[in-house]
Amino acid sequence: MHCDVVVIGAGAAGLSLAWRLLRPPPGVDAPSVVLVDAPPGPLRPSPRTWCYWEQGPGDYDAWLTASWNGLRLHRPAGPPVRRDLGRLTYKMLTSESFDRAVRPRLTGLRLIEAVAEGITDRADGGTVSCRAADGTERRVRARWAFDSRPPASRPPARVRLVQHFQGWFLRTERPAFDPHTVDLMDFRTPQPPHGLSFGYVLPLSSREALVEYTEFGREPLPDHAYQDALRHYTGSVLGLGAFEVCAVERGSIPMTDARHDRRAGTSTFRIGTAGGAVRPSTGYAFAAIQRQTRAVAALVHSGRVPLPPAAYPRRSLAMDAVLLRGIDTGRLSGPEFFTRLFEKVPPERLLRFLDGRTKPYEEFRIGLHTPVVPMLRTTAEIPFLARRA
Ligand SMILES: Cc1cc2nc3c(=O)[nH]c(=O)nc-3n(C[C@H](O)[C@H](O)[C@H](O)COP(=O)(O)OP(=O)(O)OC[C@H]3O[C@@H](n4cnc5c(N)ncnc54)[C@H](O)[C@@H]3O)c2cc1C
């Protein structure tokens, strides 16, 4: 099979890229696109909820489950800090509604359900070898190949934490949530001996919400530990009363300073998580995936080499490495660190900072609100740490 572009993986990155490639600007022909996705089974990611922030209307607004203009952070004790997002909106899109909406709009796309086993890269194109569920082997040859499969092994890193969480979509018997405000970080959860923990509440109505328990730490917990933590959070902290759990969401997202090589060959590139779209200090990736795939599609449409741009500037990644190392060593208290930033930095600037879109002088000013001595000590130490596989 021959085409202009082959995309491996139909997750957030693969579907977004295919969707954008097939919507060229006026006067430009859409490239021919083949999307190779693993058949249902262990390689397919579980359904998930993506939250991201945007100014004004966005491409996916029609498919959102909810959106909010207010964020709140709870300190371990004392009154919460509430922030109005101004021109920004915090948006929630489920992978299922994204999939349902985007797939029928991929006019002209050829979809192959098969496991991609290898890519042969040459200067004039890439060939993806894949195997369908019935054992048939297929080869797709394309001018450009984009790979969004999770990396087979984790690249070496100096700092390696995991953001791991479990959430309940729940319905309470009585009104219990403020539908206008997201609880972004609720530090009233008992803090683990290593790393940090917080609750996260995405209200869908006064009686429905996605309530999550999250930790930043070295290892995910056994399933029962999340359930205990969620029972404590929903009962003793939120005091929700009686509720039913309608669905469960689980996840773990690597938080590391590993380098993700976006170029896998002359004609082959990595996108999405595999292409470094996850912000190490927060685990957010969806907005970066949109920026990355938008840029790649524009390069393909204009006939240029479509090397995906870096999702975040180097200095943002360097600051993340310091933060993660500070948390890992126990030098920084996560709750104190995030509370201070949330309290002191205007929310629009803070969210632009998390997107890696602030100017150096803004970052300097944000840096002044962090515990300067432990941050400097950690900054001085990082260059001497070995990157370990
Ligand atoms: C539970 C959860 C919640 C998250 N919530 C947020 C959030 O709120 N906001 C945010 O910004 N980020 C969030 N993230 C992080 C990030 O946005 C997601 O992980 C995102 O889904 C990554 O998209 P991706 O396309 O890079 O990878 P994936 O979604 O993992 O897609 C990889 C694709 O590759 C396919 N594949 C794998 N192996 C093969 C193979 N051999 N052959 C063919 N196909 C293959 C899979 O079927 C899949 O379609 C969350 C992550 C998780 C796990």
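Specify which residue in the list SER129, HIS74, VAL245 is farthest towards the positive end of the charge dipole of the chain, using unit charges on the beta carbon of Lys, Arg (+1) and Asp, Glu (-1), about the Cα centre. The one lying farthest along the dipole's positive direction is SER129. Exposure check, 1.4 Å probe, all protein chains in place: ARG291 carries approximately 60 Å² of accessible surface. Rounded to the nearest 10 degrees, the angle from helix 334-344 to the longest Cα principal axis of the chain is 90 degrees.
When the residues SER252, SER197, SER205 are ordered by accessible surface, computed with a 1.4 Å probe over the protein chains alone, the sequence from largest down reads SER252, SER205, SER197. Each of the peptides 77-88, 181-192 was scored by the mean count of other Cβ atoms within 10 Å over its residues; in descending order, highest first, they stand as 181-192, 77-88.
Expressed as a whole number of Å, what is the distance separating the alpha-carbon centroids of the stretch 311-358 and the stretch 38-105? When both Cα centres are located, 20 Å separates them. Counting only protein heavy atoms and using a 1.4 Å probe, the accessible area of VAL211 comes to about 0 Å².
With the whole protein complex present, TYR312 retains an accessible surface near 20 Å², based on a 1.4 Å probe. Here the simple spin-label model places points 7 Å from the Cα toward Cβ, and for ARG122 and ASP228 these points are separated by 5.9 nm.
Put GLU173, GLU215 in order of accessible area, largest first, 1.4 Å probe: what do you get? Each step should come with its number before you reach the end.
Values: GLU173 140, GLU215 20 Å².
Largest to smallest exposure gives the sequence GLU173, GLU215.
Less than 13 Å Cβ to Cβ from LEU93, Lys/Arg counted +1 and Asp/Glu -1: what total charge do the surrounding residues give? Charge balance near LEU93 sits at -2. Here the ratio of the Cα radius of gyration of the chain to 2.2 N^0.38 Å is 1.01.
For the pair GLU348 and ASP4 in one chain, pulling the backbone fully straight at 0.36 nm per residue adds 119.9 nm over the alpha carbon distance.
What percent antiparallel are the DSSP beta bridges of the chain, to the nearest 5? If you can, show how the numbers build up before the last one.
Working: 63 of 85 bridges.
DSSP beta bridges in the chain are roughly 75 percent antiparallel.
The values are calculated or read from the model by the stated rules, or taken from the named source; none is laboratory data. From a predicted model like this one, the values you see are computed outputs, not experimental measurements. Virtual Cβ from ideal backbone geometry, glycine too; neighbours counted across all protein chains shown. Protein only, heavy atoms only, side chains kept; ligands, DNA and RNA dropped before computing areas. Shrake-Rupley method; radii C 1.70, N 1.55, O 1.52, S 1.80 Å.
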